[in-house]
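One structure is given here, and the rest of the page talks about it.
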Amino acid sequence: MKQPNFVVVYCDDLGYGDLGCYGSDSVRTPHLDGLADEGVRFTNWYSNSPVCSPSRASLLTGKYPVRAGVGEILGAKRGSHGLPAAEVTLAKALKPAGYRTALYGKWHLGLSKETSPNAHGFDEFFGFKAGCVDFYSHIFYWGQGHGVNPLHDLWENETEVWENGRYMTELITERSVDFIKRSREQETPFFLFASYNAPHYPMHAPQEYMDRFAHLPWDRQVMAAMIAAVDDGVGEIVEALKEAGCYEDTVIFFSSDNGPSSESRNWLDGTEDIYYGGSAGIFRGHKASLFEGGIREPAILNWPNGWEGGQVSDEVAAMMDIVPTFLDLAGVDLAAGPLQGITLDGSSLKEMLFRGKPSPHKQLFWEYQGQLAVREGNWKLVLNGKLDFDRVVPDQVHLSDLSKDPGERSNLADRYPEIVERLSRDVRVWYEEVQNQGS
């Protein structure tokens, strides 16, 4: 079989309920809805972390965040280290198989030369290396008060470039489309990572997108506008693939790094209130929470030549499954290439996608800033849970049956003490192991 191309489209702080095909009553996403109609839409897809850097580390390495050496949000000082040089990313693993690789947009896995996208297997990089930038000036402002001065953060590979006044979402789309167009002249397959920073703060959107949603209150309006700009970008990427004659041979994965942000900095008027512009749907919690709202994500896998479209999968999967799945689809032998001798935490979903096999995961685990969580079947245990970065919940031990209570509103810990004891032991053993195995 011909090696497929791979396109990953990743959003930033997008909630489970923020797409049309996931039930949004205010955001219109016709292009993403179309990808879902022609592919597989997942209802139980998880990020491996409720925040950005660790989630991206898992997506690109196939490992739990701590084992990949990135357990926290990384800083923004120029020269700061990030994803260890010894880690093998998907880009690095695909290159010996003849793939050309490119990343456009957000990196957030290191600002030093040895932890940059180019050092981690990407032939081409255009974007920013820290966690967030102003969408028009591409300046990082958010380290003030923490020892980081405002700094410009836009790069073409290792060269600083300036695109003042250009909307970042449109720049990412423009570069992605150009890369696809150039692929027509190449015989080799490609891996494109379109890493959008929307709808992460600051809340910026061009007037044409704001006008589409003028009927909404401002917080929902600007969120919907930012997501719509990404959706239009996805439409342009798909159209470019079709014009290049490679849409049918391309695996497209769409998701987001974590749930919606409730941070008051999303308001641009000095308001200190919790921000509810993004939606986690029926789920409890926001970004930084190990309740479902912080980690359950919209996820779409599309491959016209691979599997039948119009599927909805309720099987459990996670970001760390993308590396082994894509390498499996590309026919890359993990035992012979750059990943030789490396143990991945993710599993290939090939059998699940092609033959309807159940999820390869008996248990999934999470940790973040004192919180621990585990999912086993329909059971979900959260220890020391928070609703976001700051808001704690009264129950330090929270057990849910997600089949009956997907919103984790009822605590069953007192009714099932033996399950609490077993899952608590399992997640603590796991956490000790990954800490010892971390890079």
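Nothing in this text is a laboratory measurement; each read-out follows from the coordinates by a stated rule. All figures in this text were calculated on a predicted structure; none of them were measured in a lab. With ideal geometry, Cβ positions are generated from the backbone for all residues, glycine too; neighbour counts draw on all protein chains shown.
Taken over region 185-261, the convex hull of the Cα atoms encloses 119 Å³ per residue. Computed on the chain, with alpha-carbon pairs under 8 angstrom and 6+ residues apart, the relative contact order is 24 percent. If you take the Cα centroid of region 183-239 and the Cα centroid of region 72-133, the two points sit 22 Å apart.
The trypsin sites (Lys or Arg not before Pro) of region 357-436 that meet both conditions, a loop assignment by DSSP and at most 16 other Cβ atoms within 10 Å of the site Cβ, are Lys362, Arg391, Lys404, Arg409, Arg415.
If I build a Gaussian network model for the chain, linking alpha-carbon pairs within less than 10 angstrom, which residue out of Val393, Val251, Val238 has the largest mean-square fluctuation? Greatest mean-square fluctuation among the candidates belongs to Val393. Shape of region 1-76 from its Cα gyration tensor (a ≥ b ≥ c, root eigenvalues): rounded if a/c is under 1.5, otherwise prolate when a/b > b/c, or oblate? Oblate shape, in that a/c is at least 1.5 and b/c is the bigger or equal ratio. Label reach from Lys2 (point 7 Å along Cα→C-beta): in region 82-112, amide nitrogens under 19 Å belong to 97-101. Annotation for region 341-387 versus region 246-275: alpha-carbon center distance of 22 Å.
Once backbone amide H atoms are built at 1.01 Å from N, Val397 has Asn384 as its partners under 5 Å, excluding neighbours fewer than 5 places away on the same chain. In terms of Cα atoms, the Rg and Dmax of the chain work out to 20.3, 63 Å.
So if we plug the beta-carbon distance of Val429 and Glu72 into 1/(1 + (r/R0)^6) with R0 = 22 Å, what FRET efficiency do we get, rounded to 0.05? About 0.50, to the nearest 0.05. Taking amide H positions as modeled 1.01 Å from N, with prolines and chain starts lacking one, the residues under 5 Å from Ser137 and 5 or more places away or on another chain are Gly165. The HN-Hα couplings worked out from phi for region 75-84 by the Karplus form 6.51 cos²θ - 1.76 cosθ + 1.60 (θ = phi - 60°) are x, 10, 5, 4, x, 5, 7, x, 4, x Hz, whole numbers, x standing for Gly and Pro. For Tyr247, the shell of other residues with beta-carbons less than 14 Å away shows a net charge of -2, using +1 for Lys and Arg and -1 for Asp and Glu. For the chain, a Gaussian network of Cα nodes joined below 10 Å ranks Pro298, Pro202, Pro50 by mean-square fluctuation, and the top entry is Pro202.
Computed from backbone phi, the HN-Hα couplings of region 85-101 come to 4, 6, 6, 9, 7, 4, 4, 5, 6, 7, 4, x, 8, x, 7, 8, 10 Hz, rounded to whole numbers (Karplus: 6.51 cos²θ - 1.76 cosθ + 1.60, θ = phi - 60°; Gly and Pro given as x).
Using the Cβ-Cβ distance between Tyr136 and Asp414 with R0 set to 56 Å, the FRET efficiency from 1/(1 + (r/R0)^6) comes to roughly 0.60. Annotation: amide H-H contacts under 5 Å for Ser261 (H modelled 1.01 Å from N, sequence separation of 5 or more, or interchain): Lys287. FRET efficiency for the Lys113 to Arg182 pair, using the beta carbon distance and R₀ = 25 Å, is estimated at 0.45.
In the Gaussian network model of the chain, springs joining C-alpha atoms below 10 Å, which of Gly370, Gly385, Gly310 carries the largest mean-square fluctuation? So, out of Gly370, Gly385, Gly310, the one fluctuating most is Gly370. For a straight C-alpha distance cut-off of 27 angstrom, the lysines reachable from Lys386 (same-chain residues fewer than eight places away being disregarded) are Lys63, Lys106, Lys287, Lys362, Lys404.
In a simple Cβ point-charge model (Lys, Arg +1; Asp, Glu -1; nothing else charged), the chain has a dipole of about 820 debye relative to its Cα centre.
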